[in-house]
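Engineer: Structure in structure tokens, see below.
The numbers here are math on the coordinates, done by the rules we state, and not lab data. Computed from a prediction, not measured in an experiment: that's the story for all the values here. Glycine also receives a Cβ, built like all others from the backbone with ideal geometry; neighbour counts cover every protein chain displayed.
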């Protein structure tokens, strides 16, 4: 974990087949940066290592997107199948990372 950063787990979503899980968390790296919302895909039995998100990272774009739980923008997670994941976010969220695939999981992004 980057020194000076703190993560707050917001939710965990398991895939229907249990092979994967998504952890959604708020990350705060101090006074010079705002809160971000991040998501990481892990194997179903893997522990979350308290690192930055390997899948999706966004912030509220200086207030353009409303804050969700944890202070960053809201993200909605839904497994469409055991290998297809849907992440939905506010259209004005500033996206820093949005992976299309991770370890056998395909990710679809939508705005709400």
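Engineer: Extension gain residue 45-residue 106, at 0.36 nm per residue separation less the Cα-Cα distance, in nm? Write down the numbers at each step before the final one.
Structural biologist: On the way: separation 61, 0.36 × 61 = 21.96 nm, distance 1.90 nm.
Full extension of this stretch gives 20.1 nm more.
Engineer: Okay, next question. If packing is taken as the average count of other Cβ atoms within 10 Å, what order do 14-21, 82-89, 37-44 fall into, highest mean first? If you can, show how the numbers build up before the last one.
Structural biologist: Values: 14-21: 15.0, 82-89: 17.2, 37-44: 20.5.
Highest-to-lowest ranking by the protection proxy: 37-44, 82-89, 14-21.
Engineer: Among (i) 6.3; (ii) 6.8; (iii) 8.5, only one was calculated for this model; which label is it, if the read-out is mean projected area of the Cα convex hull in nm²?
Structural biologist: After the calculation, the listed value that fits is (i).
Engineer: Run the quick spin-label model on residue 94 and residue 80: label points 7 Å from Cα toward the beta carbon, then report their separation in nm to one decimal.
Structural biologist: 2.9 nm
Engineer: In addition: Could you tell me the center-to-center distance, by alpha carbons, between the range 75-94 and the range 33-66 in angstrom?
Structural biologist: 12 Å
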